[in-house]
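Worksheet: one structure, shown below.
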Amino acid sequence: MVEQRFVGNVVEIWLLYFFGMLVIAARIYCRTKLVGVKGYQIDDYLVIAVACMWMAAPAIGHVFVVVCEGRHTSLLSFEERKNMPLERYDDWEYGSQMFLFGLSGYFIILWTLKFNMLCFYQRVVRGLWVERFIKPVMGLMLCTAIVIVFTLSLTLV
């Protein structure tokens with residue numbers, strides 16, 4: 001059972017999931033109706049990949065809010081971490097792990113959607129003068145993804 005103080009967060013998580021899946025399903029339905037599965041391009045497959053990742057997002061958020069009670073060590077000062085009783089350490093550690101797992105999933109979903117939009121845009125502007133800018137922007141997006149991966153991986157808590 002969800003504690004009363006977390007009900008709003010849990011409802012928000014699942015409502016966002018519902019509306020997000022509704023938009024994704026509408027996009028997949030319209031594209032399939034328009035070109036069929038055989039006419040799919042890379043951006044169509046990326047949306048399906050995002051739909052799969054989107055299914056995990058509310059589960060991770062639910063566990064973080066309900067089981068971990070939203071606790072992660074980023075909320076604590078250095079002194080609070082240093083003086084934390086050992087019996088509470090595992091709770092905060094698990095919360096921090098779930099927080100980082102959810103944050104990483106969020107990053108993957110967002111950058112996949114960005115790449116999806118660039119692939120879609122490349123298809124839309126094929127043959128126009130702006131097409132030459134898409135591949136450099138994809139490279140820039142890849143660089144930002146690498147920076148974020150290093151930031152998440154190498155930041156010492």
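Things worth noting here:
- Where a residue in region 87-100 is touching a residue at least 60 places away in the same chain (Cβ under 8 Å) and farther than 11 Å from residue 61 by Cα and its partner, wherever it lies, is assigned to a helix (DSSP H, G or I) and open to solvent by less than 90 Å² (accessible area, probe 1.4 Å), with Cβ under 9 Å and at least six apart: 96/73; 96/74
- Once region 115-157 is narrowed to residues that are open to solvent by 60 Å² or more (accessible area, probe 1.4 Å) and part of a loop (DSSP other than H, G, I, E, B), the residue that is nearest to residue 75 (Cα to Cα) is 157.
- Among the residues of region 24-41, those that are surrounded by 10 or more Cβ atoms within 10 Å (Cβ to Cβ), assigned to a helix (DSSP H, G or I) and of a type outside the set (Ser, Thr, Tyr) comprise 24, 25, 26, 27, 28, 30, 31, 35, 39.
- Summed over region 32-85, residues that are β-branched (Val, Ile, Thr) and touching a residue at least 40 places away in the same chain (Cβ under 8 Å) total 7.
- The number of residues in region 51-72 being in a helix (DSSP H, G or I), surrounded by 17 or more Cβ atoms within 10 Å (Cβ to Cβ) and either of a type outside the set (A, V, I, L, M) or in contact with a strand residue (DSSP E or B) (Cβ under 9 Å, 6 or more places away or on another chain) (or both) comes to 5.
- Every listed requirement among (1) surrounded by 16 or more Cβ atoms within 10 Å (Cβ to Cβ); (2) within 18 Å of residue 60 (Cα to Cα) is met by residue 110 save one, (1).
The values are calculated or read from the model by the stated rules, or taken from the named source; none is laboratory data. What you see is a predicted model, and the numbers here were worked out from it, not measured in a lab. Reconstructed Cβ throughout: ideal geometry from the backbone, glycine too, with neighbour counts over all protein chains shown. These accessible areas exclude ligands, DNA and RNA; they are computed on the full protein's heavy atoms, side chains included. Shrake-Rupley method; radii C 1.70, N 1.55, O 1.52, S 1.80 Å.
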